[in-house]
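Single-structure report; data block below.
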Amino acid sequence: MNIYQTKDYAHMSKLAANMMTAHILLKPDCRLGLATGSTPIGTYQQLVAHYRQGDVDFSKVCSVNLDEYKGMPPDHPQSYRYFMQHHLFQHVNIPPIHTHLPNGLAEDAAQECSRYDSVLRAVGGIDLQLLGLGNNGHIGFNEPSTSFAKTTHCVDLTESTVEANKRFFKQQEDVPRQAYTMGIASIMQARHILVLVSGEGKAEIVQAAFMGPITPQVPASILQLHANVTVIGDAPALSLLPSEVKTVTNAPIPAF
Ligand code: F6R
């Protein structure tokens, strides 16, 4: 695991976007696993900037998102499809047919999970999987205690996740209680994993996930067993990690 500490959120986002753009330059038909949430927004903004500058071409890229709320229509402003359209897809030349998310409106949950696993197989697996980290250690919506062996499944969100997500909704009652998520087994098959963490509020879970025991109680701890993980975090998020496990990069990040 390579851990890079940047001085702030903007710096983290630039470094992450440079790494993603480099992946696409080296493999134009790169399969990206994408995440939503507040942490990757700056990275998506940087990727859009690279595209507008003519530095990256998404025409052969394919994306497979981690998760979607169950019951949420794709045009709902809090759906993850809407988030991806708004923050990335509509601003770059990725063909809509290359962008995959679970269908929140699917009538049969089991069928939707197996359809999504087939999508993952059909694209040939993920080259670079972007992840955020939940306050309780979740990745995707793999909540604490979930088996590491699961592929796509439908989950009941924990109270702590509902609480964390309520900032995006008018009232807590509006926060969906269930979601589809790629499973840990699927995430672990990605060839390279890029985890982004920002803010002091993540410091304790970062320490537990990357320095603590590997346990389903902290789903992200399984990433310690993946051969190719890069963590990029700002100084507050990485503040509880000892200096010998991280590379501090305070130098300006060159733009593409
Ligand atoms: C989003 C996702 C979640 C978030 C996590 C962190 O697609 O799968 O695991 O990455 O909840 O969210 P933020 O970035 O809002 O702290």
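Where a number appears in this text, it was derived from the coordinates with a stated rule and is not lab data. All values reported here derive from a predicted model rather than from experimental measurement. Using ideal geometry, Cβ is built from the backbone for each residue, glycine included, and neighbour counts are taken over all protein chains shown.
Which shape class applies to the chain: rounded if a/c is under 1.5, otherwise prolate when a/b exceeds b/c and oblate if not, where a ≥ b ≥ c are the square roots of the Cα gyration tensor eigenvalues? Note, shape of the chain comes out rounded. Straightening the chain between Asp75 and Leu105 buys 9.7 nm, computed as 0.36 nm per residue apart minus the Cα-Cα spacing.
In this simple spin-label model, placing a label point 7 Å from the Cα along the Cα-to-Cβ direction at both Ala251 and Lys27 gives a separation of 2.7 nm.
Gain on full extension, evaluated as 0.36 nm per residue between Ser114 and Ser147 minus their Cα-Cα distance, stands at 10.2 nm.
Using a simple spin-label model with pseudo-atoms 7 Å out from Cα toward Cβ, Asn135 and Thr215 lie 2.0 nm apart.
Take the Cα of Asn2, step 7 Å along the line toward its Cβ, and report every residue of region 205-236 whose backbone nitrogen sits under 20 Å from that point. Only 210-211, 223-235 fall inside the zone, counting backbone N under 20 Å. For the listed peptides 182-192, 239-249, 76-86, a ranking on the average number of other beta carbons within 10 Å per residue, highest first, reads 182-192, 76-86, 239-249.
Put a dot 7 Å past the Cα of Arg177, heading toward its Cβ, do the same for Cys154, and the two dots end up 1.3 nm apart.
Computed extension length for Asp55-Asn228: 59.7 nm, one decimal, from 0.36 nm per residue of separation with the Cα-Cα distance subtracted. Computed from the C-beta positions of Glu163 and Asn93, the FRET efficiency with R₀ = 35 Å rounds to 0.40.
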